[in-house]
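As structure tokens, the structure follows; a few thoughts come after it.
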Amino acid sequence: MRTSEIRKKYLEFFQSKNHAVIPSAPLVPENDPSVLFNTAGMQPLVPYLLGKPHPMGKRLVDVQKCVRTGDIDDVGDDTHLTFFEMLGNWSLGDYFKQESIAWSWEFLTDARWLGLDPAMISVTVFSGDENAPRDDESAALWESLGMPKERIAYLPAEDNWWAAGPTGPCGPDTEIFYWVGEGAPQGNKGTHPKQWMEIWNNVFMQYNRVDETTLEKLPAPCVDTGMGLERTAVTLGGMKSVYETDAFADVLETIRVLVGTEKYNERSARIIADHTRAAVHMIADGVVPKNVDQGYILRRLIRRAIREFYKMNYEKPVIAEVGHLFIGKFIDIYESVREHAEKIKSELSREEEKFRATLSKGLKEFERRLEQGTLSGKDAFDLFATYGFPLEMTQELAHERGKTVEEALFREEFKKHQDLSRTASAGKFKGGLADHSPKVTAFHTATHLMLAGLRKELGSAVHQAGSNITEERTRFDFTYPEKVSRDILDRVERYVNTAIDAQADVVTEVMEKKTAKASGIEGSFWEKYPEKVTVYTVEGPGKTIFSRELCGGPHVKNTAEIGAFGRLKIAKEEASSAGVRRIKAFLE
Ligand code: SER
């Protein structure tokens, strides 16, 4: 059965039990800053579980988009996914255990619905602790439906108590499993934990955890059920892995064709497919790649997917193409995907472009540092700041070589960097060379390139008249008598971006000021420099000189370090003072 049919049947079944269909909430919780993404169907419904009346009534059914990154290292096995869809039915103070269990059974086993073989199913119930008694009631309900005693496992809170987080609605649950072991089904989840795969979880929400020691009763007991769509498809298809289902199979095949069968690695392809699918939905729901919060997770997923392609020796741009396949799968299901199809592709391409500009160099730098023995938190931070390697990627790379990375030291460096950024954006070091953060440094070199581009387009009468650089942008003043057309600005932008893409080295030389001046090296404010000056030359392949300028620094060692932050965009050109124009440009 295709995933689209399962979604449809599920909604239909619960509609027939008087449930109102509600749409999936966006992946990013609207009013809950404590979590980055909805990790379960219940999250957007918390206020209603706590007693607020829902406009659609007390019986609801939905398919909720979820993201869980806690098990990201398991992605690539048969069942773990970062993005998944959870089928859920909800009683907000209406029905409780009896209906919930009976309807789950009916939906799973009745031939009109999923028609699964009851002999392949087992369940678990809560074994009881100081918070709630042993759930004999649920066990009895299962037995009344024909579940043999030996298929019912009583398990402790670790397995059969559900809560989305340290506080909030919670309660005991009963979970439903399908036999995935060899031969005929045996025992239950307690006796054969690996051979039974969870397909559905029915939580009997009775409590609200206020803090570590306080468990309050909810105004009315509720039911929260969650059934993984992809796992259900596996079960129904008699398959072993979610990647065999229509949610993934053709994408994996496309990846195989792209990289070639000899180079193809199933685990890499699975990671690529999972991560790209998650990225598609994150972008559809308004997330863009960044270095913080949801944007960081998104960035991490996209970059990890790109690296998996590299592992299979595939180094061409490809992520937007994979994203396109998933857009096709969801375009008729989620409006968010339909509306943002183009944006999804362009964000994926942009992020890929950015990362590919630095990935090879970063990998070389990683190897170089590793040759020196260990990899410190500072090394990991440098790889992050200069080459855009998420910490987790460096950890993974290190792990593959049997090494570890000092995470605490990374965090310290990261914090210092954040403090610096905050100071910079607070304006303390405005434009001063005191701020040598990687981004400001990148802007300094980009500004040199911009001046070189302007001189190329407008002639050598153009000189720097001032600059002001922050983490956010470069503001650059230059001598020129009239407005510069957008056409020319575009060409200047292209000039700079060509230099960025060329991964050009920045060569530093110290020379006599007199010699520098006499040889026509570009520079302004000569008087403020001492007798010896530093000249920075951005040197591309075949000794192409992109820029040569006298400066007090700081500058990157290679333009790929600029690329790690993006490409240059000239946003504004205006008059600054008589004969002086001002440009504002970003790296994005
Ligand atoms: N909240 C439970 C879960 O996520 C059931 O929906 O498993």
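The values are calculated or read from the model by the stated rules, or taken from the named source; none is laboratory data. Keep in mind that this is a model prediction, so the values were computed, not measured. Because the Cβ atoms are built from the backbone with ideal geometry, glycine has one as well, and the counts that use them run over all protein chains shown.
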One residue is enough: does region 105-114 have a residue meeting the conditions of a type in the set (S, T, N, Q), under 39 Å from the mean Cα position of the chain (by Cα) and closer than 20 Å to Val223 by Cα?
no
Any chance you could count how many residues in region 15-38 are within 18 Å of the chain's Cα centre (by Cα), within 15 Å of the ligand (Cβ to nearest atom) and buried (at least 19 other Cβ atoms within 10 Å of the Cβ)?
3
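To keep it simple, each residue is scored yes or no on (1) within 16 Å of the ligand (Cβ to nearest atom); (2) charged (D, E, K, R); (3) surrounded by 16 or more Cβ atoms within 10 Å (Cβ to Cβ); (4) more than 23 Å from Ile297 (Cβ to Cβ).
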{"position": "Pro44", "(1), (2), (3), (4)": "yes, no, yes, no"}
{"position": "Tyr95", "(1), (2), (3), (4)": "yes, no, yes, yes"}
{"position": "Gly115", "(1), (2), (3), (4)": "no, no, no, yes"}
{"position": "Phe126", "(1), (2), (3), (4)": "yes, no, yes, yes"}
Do any helices (runs of 4 or more DSSP H) entirely within region 224-308 hold 2 or more residues that are more than 19 Å from Asp78 (Cα to Cα), and if so, which?
249-259, 266-284
Out of everything in region 479-499 that is in contact with a strand residue (DSSP E or B) (Cβ under 7 Å, 6 or more places away or on another chain) and assigned to a helix (DSSP H, G or I), what residue ends up being surrounded by the most Cβ atoms within 10 Å (Cβ to Cβ)?
Val496
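Residue-wise test of (1) surrounded by fewer than 18 Cβ atoms within 10 Å (Cβ to Cβ); (2) of a type in the set (D, E, K, R).
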| site | (1), (2) |
| --- | --- |
| Glu315 | yes, yes |
| Ala320 | no, no |
| Ser346 | yes, no |
| Glu351 | no, yes |
| Gly402 | yes, no |
Which numbered condition Met197 misses (of (1) among the aliphatic types (A, V, I, L, M); (2) within 33 Å of the chain's Cα centre (by Cα); (3) at pLDDT 95 or above):
(3)
Checking Cys551 against (1) modelled with pLDDT of 90 or more; (2) surrounded by 20 or more Cβ atoms within 10 Å (Cβ to Cβ), only one condition comes out false. Which one?
(1)
Quick test of your reading of the structure: Glu182 fulfils all but one of (1) more than 16 Å from the ligand (Cβ to nearest atom); (2) at pLDDT below 95; (3) surrounded by 20 or more Cβ atoms within 10 Å (Cβ to Cβ). Name the failing condition by number.
(3)
Please work out which residue is surrounded by the most Cβ atoms within 10 Å (Cβ to Cβ), limiting yourself to region 188-223 and to residues that are β-branched (Val, Ile, Thr) and part of a loop (DSSP other than H, G, I, E, B).
Thr191
If you scan region 131-165, which residues turn out to be outside any strand (DSSP E or B) and within 15 Å of the ligand (Cβ to nearest atom)?
Ser138, Ala157, Glu158, Asp159, Asn160, Ala164, Gly165
Conditions first: (1) part of a loop (DSSP other than H, G, I, E, B); (2) more than 24 Å from Ile333 (Cβ to Cβ); (3) more than 15 Å from the ligand (Cβ to nearest atom). Asp73 passes all but one, so which condition is the exception?
(1)
Which condition breaks for Ala111 when tested against (1) under 18 Å from Tyr10 (Cα atoms); (2) touching a Phe, Trp or Tyr at 6+ places or on another chain (Cβ under 8 Å)?
(2)
Tally the residues that are among the aliphatic types (A, V, I, L, M), assigned to a loop (DSSP other than H, G, I, E, B) and out of contact with any strand residue (DSSP E or B) (no Cβ under 6 Å at 6 or more places or on another chain), restricting the search to region 5-27.
1
Of all residues in region 187-228 being of a type in the set (S, T, N, Q) and closer than 15 Å to Ser100 by Cβ, which is nearest to the ligand (Cβ to nearest atom)?
Asn201
So, first residue within 19 Å of Trp200 (Cα to Cα) and part of a loop (DSSP other than H, G, I, E, B) in region 28-51, second residue away from the ligand (no atom under 14 Å from the Cβ) and modelled with pLDDT of 90 or more, Cβ within less than 9 Å, six or more apart or across chains; the pairs are Asn38/Pro26; Asn38/Leu27; Asn38/Val28
Can you name every residue in region 58-70 that is modelled with pLDDT of 95 or more and either more than 15 Å from the ligand (Cβ to nearest atom) or among the charged types (D, E, K, R) (or both)?
Lys58, Arg59, Asp62, Lys65
Give Glu150, Glu130 a once-over and let me know the one that is out of contact with any Leu (no Cβ under 9 Å at 6 or more places or on another chain) and modelled with pLDDT under 95.
Glu130
Taking interchain pairs and intrachain pairs at least six residues apart, which have beta carbon atoms under 9 angstrom, with the first residue in region 65-90 and over 16 Å from Ser4 (Cα atoms) and without any contact (Cβ under 8 Å) to a residue 40 or more places away in the chain and the second of a type in the set (S, T, N, Q) and within 13 Å of the ligand (Cβ to nearest atom)?
Cys66/Asn38; Cys66/Thr39; Cys66/Gln43; Arg68/Thr39; Gly70/Thr39
If you check Ser122 against the conditions, is it touching a helix residue (DSSP H, G or I) at 6+ places or on another chain (Cβ under 6 Å), part of a helix (DSSP H, G or I) and polar (S, T, N, Q)?
no
Just wondering, is there one or more residues in region 277-292 that are without any contact (Cβ under 8 Å) to a residue 12 or more places away in the chain and not polar (S, T, N, Q)?
yes
For Glu457, work out the one condition from (1) assigned to a helix (DSSP H, G or I); (2) under 36 Å from the mean Cα position of the chain (by Cα); (3) surrounded by fewer than 20 Cβ atoms within 10 Å (Cβ to Cβ) it doesn't fulfil.
(2)
Glu175, sole failed condition from (1) in a helix (DSSP H, G or I); (2) within 14 Å of the ligand (Cβ to nearest atom):
(1)
Starting from residues that are within 15 Å of the ligand (Cβ to nearest atom) and of a type in the set (A, V, I, L, M, F, W, C), keep the ones in region 46-57 and report whichever is modelled with the highest pLDDT.
Leu49
Does Trp113 meet the test of being part of a loop (DSSP other than H, G, I, E, B) and either in contact (Cβ under 8 Å) with a residue 40 or more places away in the chain or at positive phi (or both)?
yes
